[in-house]
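For reference, the structure discussed in these notes is given below.
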Amino acid sequence: MDAHGYDRELREVAKRDRAREAAFLQKHAGSGGPPQLANRIAGRRLPPLEGTYVDKHDPARGKVLCQVPRSGRPDVEAAVAAAKLAQPAWAATPLAKRCAVLRRTAELIERDMDRLVRMESEDTGKPVKLAGSLDIPRAARNFRFFADFLESRKEAVHLTEGFRNETHRVPVGVVGLITPWNLPLYLLTWKVAPALGLGNAVVAKPSELTPRTADALADLLAEAGLPDGVYNVVHGLGPEAGEPLVAHPDVRAVSFTGGTATGAKVAAAAGPKKLSLELGGKNASLVFSDCDLDETVKGVARAAFTNQGQICLCGSRILVERSLFPEFTRRLAEHAKGLRIGDPLDPATDLGSLVSQSHRAKVETYLEVAQDEDATVHCGGGRPDLPGVLADGAFLQPTVLTGLDQDSPLVQEEIFGPVVTVQPFASEDEAIALANGVRYGLAATVWTKDANKAQRVAERLDTGMVWVNCWLVRDLAVPFGGVKDSGFGREGGEWSVDFYSEARNICTKVTP
Ligand code: NAD
């Protein structure tokens, strides 16, 4: 369809939805209750067709922040139709212009940093210190990085005798992006930036627990010049809104980040389309006795407790060479006790609340198992005593446990909270066997001053990523992803290009 045809069709869709949007805005302006979010379809704020919502709570304070549309298949179908309509003209927009929109979006995220940081902190319970240093800056970086990366790429040319092969990239079409609650804008933009840069249109289904920054992004993208319909958001619950998106025949690729059990359902629903699954982790931190102890305690604690342990990359299984085990455990617990737990909106807070009461209850079941298994609690093990409005928040103390066997659920299962186990090892072989002895294979860290040992160990770890003497250092050009039950597919740099576009080769006879 040419640009005029596209505009005409889009205008028709817009006309149909205008009345629904107007009614939504009027109702929203008149109500004194918590604000209602809308879906973002073809540039419009549209209420869910069934008209139902779920409450979204601030997990630290308990108050309702907003109501989230409980969308269903018809909403998804409308969003996919809008994306399908808008995509060809966006794909035909020159790369430099698409990348200019990405760069402008990065600037707008930075302009709105304080607002977005607060929003992310309230939605997730994470400290503003973290949202302001990691989540929101990284969201801006995702856009800037992919703008630069895509513009600097060279397409391949192969000269075969008498023929010229040119391989270039074409967009996949409409892509479905499903994201979790732990790093909402960070992970969404990690997918949105390359998808848009490569000329796709997007339908995003953010986590129902953390919907607001995905909504805010719609405004920023529109302000940056993204045409209506190229970025659409359908809010709602996974089985009701996520699954129809995954299964939709016009959605040609799905990038999913979330839990392993959900990933299996997504894989089953996707059918024959491109799929990237970034799933759970149970990452090991391998600490050797020749490490730099001060740096290692700090680094391992950071890997364990950042975001209250709710990052897929968190190192929740700490394996320590036996000779260092008692001292390391004591120092790690001391460090954890020194972390300031409290109001996520206080800039001095290190640890905020977990994402919800029900998630804390799940994490607490593991503390009960630890008790049943006679684990030794070196610090934490329960709820902190916080005053006033925070008293009923979903807070949990950072907890360090020892005395658990390799087959304990606390060692084998992803807890996704501030609870870590420490296990001793006697040799490199034992350390590697323990590290690899789980169903997950996302990431690992190795802590030693011996570079040869670090290399040797890193090469034997069954994970997609290994950090040596560091953690969560992210060069956006390198592949990100896991093995085993941590998923498949890689994103980042050229791997994102592979996922969000198809290679097309044109072979032309060269006439002398
Ligand atoms: P989740 O699997 O419960 O939900 C993730 C998303 O999937 C949400 O948007 C949810 O609404 C949606 N969803 C749920 N059921 C669905 C279905 N049947 N079909 C389609 N979509 C569905 O995960 P979560 O609790 O939001 O996030 C925590 C999990 O995410 C942890 O396991 C964590 O390790 C993982 N995670 C992985 C990475 C990674 O890069 N590997 C990064 C962050 C988080």
Query raised in the report: What are the residues in segment 421-478 that are among the polar types (S, T, N, Q) and crowded, with 20+ Cβ neighbours inside 10 Å, if any?
Result: T421, Q423, T445, T448, T463
Query - Those residues of segment 394-408 which are in contact (Cβ under 8 Å) with a residue 40 or more places away in the chain and over 27 Å from the mean Cα position of the chain (by Cα), in sequence order - result: T402
Report task. Could you tell me whether T376 is touching a residue at least 12 places away in the same chain (Cβ under 8 Å) and surrounded by fewer than 21 Cβ atoms within 10 Å (Cβ to Cβ)? Result -> yes
Report task. Could you check segment 200-265 for strands (runs of 3 or more DSSP E) lying wholly inside it with 1 or more residues that are among the β-branched types (V, I, T), within 14 Å of the ligand (Cβ to nearest atom) and under 15 Å from the mean Cα position of the chain (by Cα)? Result -> 251-257
Report task. Starting from segment 462-491, take each residue that is without any contact (Cβ under 8 Å) to a residue 12 or more places away in the chain and list its partners that are more than 12 Å from the ligand (Cβ to nearest atom), counting only C-beta distances under 7 angstrom and pairs at least six apart or across chains. Result -> V473/W467
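Of the residues A241, A222, which is of a type in the set (G, A, S) and closer than 26 Å to F488 by Cβ? Even if it seems obvious, please write down each step before you answer.
On the way: A222 fails: closer than 26 Å to F488 by Cβ.
Exactly one of A241, A222 is of a type in the set (G, A, S) and closer than 26 Å to F488 by Cβ, namely A241.
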Query raised in the report: Taking segment 285-303 only, how many residues are out of contact with any helix residue (DSSP H, G or I) (no Cβ under 8 Å at 6 or more places or on another chain) and in a helix (DSSP H, G or I)?
Result: 5
Report task. Considering every residue within segment 425-441, establish whether at least one is of a type in the set (D, E, K, R), in contact (Cβ under 8 Å) with a residue 12 or more places away in the chain, more than 14 Å from E373 (Cβ to Cβ) and within 16 Å of the ligand (Cβ to nearest atom). Result -> yes
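Could you tell me whether F488 is on the phi > 0 side of the Ramachandran plot and either within 14 Å of the ligand (Cβ to nearest atom) or out of contact with any helix residue (DSSP H, G or I) (no Cβ under 7 Å at 6 or more places or on another chain) (or both)? Break it down stepwise before answering.
Values: on the phi > 0 side of the Ramachandran plot: no; either within 14 Å of the ligand (Cβ to nearest atom) or out of contact with any helix residue (DSSP H, G or I) (no Cβ under 7 Å at 6 or more places or on another chain) (or both): yes.
Against the criterion (on the phi > 0 side of the Ramachandran plot and either within 14 Å of the ligand (Cβ to nearest atom) or out of contact with any helix residue (DSSP H, G or I) (no Cβ under 7 Å at 6 or more places or on another chain) (or both)), F488 does not qualify.
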Requested in this report: Any residue in segment 268-289 that's open to solvent by less than 10 Å² (accessible area, probe 1.4 Å): show its pairings with residues that are within 13 Å of the ligand (Cβ to nearest atom) and among the basic types (K, R) at Cβ separation under 8 Å, as long as the two are six or more apart or on different chains.
Outcome: S276/R490; K282/R439
Requested in this report: State whether the residues of segment 162-175 include one that is open to solvent by 50 Å² or more (accessible area, probe 1.4 Å), more than 16 Å from the ligand (Cβ to nearest atom) and touching a helix residue (DSSP H, G or I) at 6+ places or on another chain (Cβ under 9 Å).
Outcome: yes
Report task. Could you tell me whether any residue of segment 180-191 is outside any loop (DSSP other than H, G, I, E, B), more than 14 Å from the ligand (Cβ to nearest atom), under 16 Å from I109 (Cβ atoms) and within 16 Å of the chain's Cα centre (by Cα)? Result -> no
Requested in this report: Working only within segment 327-372, note down all residues that are outside any helix (DSSP H, G or I) and open to solvent by 70 Å² or more (accessible area, probe 1.4 Å).
Outcome: R340, P347
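The values are calculated or read from the model by the stated rules, or taken from the named source; none is laboratory data. What you see is a predicted model; the values in this text were computed from it and never measured. Note that we place each Cβ from the backbone using ideal geometry, even for glycine, and neighbour counts take in every protein chain shown. Side chains are part of the model used for accessible areas, which takes the heavy atoms of the whole protein and leaves out ligands, DNA and RNA. Shrake-Rupley method; radii C 1.70, N 1.55, O 1.52, S 1.80 Å.
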